[in-house]
Amino acid sequence: MTEKEYKLCVDNFADAVLRFLVKNTKDMDSSKDILQDTYVKLWEKKEGVDFLKAKSYIFTTAYHTMINDIKYNAQKDSLTPSQNTDRNKYSDLKDVLNEALERLPKVQKAVILLRDYEGYAYKEIAEILALTEENVKINIFRARVKLKEYIGSIDRII
């Protein structure tokens, strides 16, 4: 990968990766740090990364860096406060959807965000998360079922 191709990767993918990270971590500063680490890793490995596969490499690296960051912070903060929330306090459908997403397992949340929020194909998601396409489809199906169960009827929300 050339320096020009690297700059194209930053220009073309940074915003989407940052959205993905913020949606998962709920922390803009942490997400920016992870994004920066991701692009540092890309720069260090630029000779071995094909420009045509850079998007997949960037998302995969960002995802794994995010998971490592979450694990590190979980070990650092062994006491995590309980977040018992009541759905009735929400005034916005977006809040309900975000709460429902937070209740999903990490892999299911990641596949839903990549598929439904970012618009990636099953094959691309499989490459990013190091899963098979079948596992991606299964996780998306299960996540959507859980979201539907949590949210229930739209009439109850509105």
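The values are calculated or read from the model by the stated rules, or taken from the named source; none is laboratory data. Just so we're clear, the structure is a prediction, and the values are computed from it rather than from any experiment. Positions of Cβ are generated from backbone atoms using ideal geometry, with glycine treated the same way; all protein chains shown enter the neighbour counts.
With at pLDDT below 90, of a type outside the set (A, V, I, L, M) and assigned by TED's automatic domain parsing to the domain that holds LEU35 as the only criterion, which of LYS94, LYS71 stands out? Give the steps one after another, and end with the answer.
Details: LYS94 fails: assigned by TED's automatic domain parsing to the domain that holds LEU35.
Among LYS94, LYS71, only LYS71 is at pLDDT below 90, of a type outside the set (A, V, I, L, M) and assigned by TED's automatic domain parsing to the domain that holds LEU35.
When you scan segment 112-119, do you find a residue that is in a loop (DSSP other than H, G, I, E, B), of a type outside the set (Val, Ile, Thr) and under 26 Å from ASP15 (Cβ atoms), even just one? Let's see the steps before the verdict.
Just the residues of segment 112-119 that are in a loop (DSSP other than H, G, I, E, B), to begin with: 118-119.
With the extra rule that they be of a type outside the set (Val, Ile, Thr), the set shrinks to 118-119.
Still in the running and under 26 Å from ASP15 (Cβ atoms): 118-119.
Checking segment 112-119: at least one residue is in a loop (DSSP other than H, G, I, E, B), of a type outside the set (Val, Ile, Thr) and under 26 Å from ASP15 (Cβ atoms).
Counting just the residues of segment 25-77 that are loosely packed, with under 14 Cβ neighbours inside 10 Å and of a type in the set (Asp, Glu), which one comes out nearest to LEU129 (Cα to Cα)?
In this case the residue turns out to be ASP50.
Within the bounds of segment 113-132, is there any residue that is of a type outside the set (Ser, Thr, Tyr), surrounded by 12 or more Cβ atoms within 10 Å (Cβ to Cβ) and modelled with pLDDT under 80?
Among the residues of segment 113-132, not one is of a type outside the set (Ser, Thr, Tyr), surrounded by 12 or more Cβ atoms within 10 Å (Cβ to Cβ) and modelled with pLDDT under 80, which makes the answer no.
Residue pairs, Cβ under 6 Å, 6 or more apart or interchain, first in segment 141-158 and under 12 Å from LEU101 (Cα atoms), second modelled with pLDDT of 80 or more and assigned to a helix (DSSP H, G or I). List them.
Listed by first residue and then by second, the contacts come to ALA143/GLN108; ALA143/ILE112; LEU147/ALA100; TYR150/ALA100; ILE151/ALA100.
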